[in-house]
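Worksheet for the structure shown next.
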Amino acid sequence: MNKKSRHFFYQKIPDFISKQKNNLRIDQDQMRLKWFLQNFKMKEARVLDVGSNFGYMCLSVSKIRNYECTGFESEKQVYKFSEKLRKKSNLKNVFFFNKKLQFMNLDNLQNYDIIFLLNVLHHAGHTYDKNRIQYSQKWINYVIKYLRKIRKKSKYIFFQTGNVNFGINYFDNKKTFKVIPEIMKKSGWKIKKIGIIKNFNKKNLKYETYERKNINKIPVIMCKRNTKSNLVEYKIKNKIIFTHKTGFLQRPLWICERV
């Protein structure tokens, strides 16, 4: 096998396939899955997961809810591994494709009940759609146009994004709860649920749920990588409350419905 891509271990193997109970203190995949299942109650749904990686979300949601799940994964090595997991799972309603979902292809999408866009769009301009954006305001405009097109293809989105990619800061993370709602409003989406981790002192971290009307009550948690320790420091009012190897835990989860 060739050298693995930087995203190869972005997700874990679902426990029901690995047959190993994972006792990680911070299980980001399981935390997101649990929050999604608590806040999205459709009995039947067609799901598209853009940037499906190992297929953790598709495989898990299909196993638990029997949803029909399709995953698009652009990196061939990662896609091939997700196919191995799919075959091992014996699930009949999961489908993976080695495919990029670029802006120009959005009009050709089938219709879905919900589309997962988890930590995908902040890679635009580098991993894909390289000719469309380079700077912060261009990124925001790109995301608005992207989500407008997605709106024609799905009733709901499950959304998460970073704010920095390859040194380009698309927006200040202390303004997350102003920037993302404005993006959703302009692209024709209504925010239904917001998930954030706010208590980093507990042994078992979890996402807590907020409504759009309570967005001003969400604590602003900053994070930045310490170049000496190479750990991301999570801060409230400049006080370090937590450290972790990634900044994923600071990124809110959003479930939105098209207007």
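A few remarks follow.
- Simple Cβ-charge dipole of the chain, Lys/Arg +1 and Asp/Glu -1, about Cα centre, in debye nearest 20: 380 debye
- Kirkwood Rh, Cα atoms: Rg over Rh of the range 151-230: 0.99
- Dipole-positive endmost among ASN165, ASN131, LEU147 within the range 120-198 (Cβ charges, Cα centre): LEU147
- Tail weight of P(r) past 30 Å, computed on alpha-carbon pairs of the chain, percent: 25 percent
- Reduced Cα scattering model of the range 102-178, Debye log10 I(q)/I(0), q = 0.19 Å⁻¹: -0.82
- For the chain, the Cys residues with no second cysteine's beta carbon closer than 4.7 Å are CYS223, CYS256.
- The orientation-averaged projected area of the convex hull spanned by the Cα atoms of the range 218-259 comes to 4.0 nm².
- For the range 7-126, the dipole from Cβ point charges (+1 on Lys and Arg, -1 on Asp and Glu) about the Cα centre works out to 520 debye, to the nearest 20.
- Taking the convex hull of Cα positions in the range 15-159, its mean projected area over all directions (nm²): 9.2 nm²
- Summed over all non-identical Cα pairs, the Kirkwood treatment of the range 133-188 gives a radius of 11.9 Å.
Computed from the coordinates by the stated procedures, all read-outs in this text should not be read as laboratory data. Because the structure is a prediction, the values reported are computed rather than measured. Positions of Cβ are generated from backbone atoms using ideal geometry, with glycine treated the same way; all protein chains shown enter the neighbour counts.
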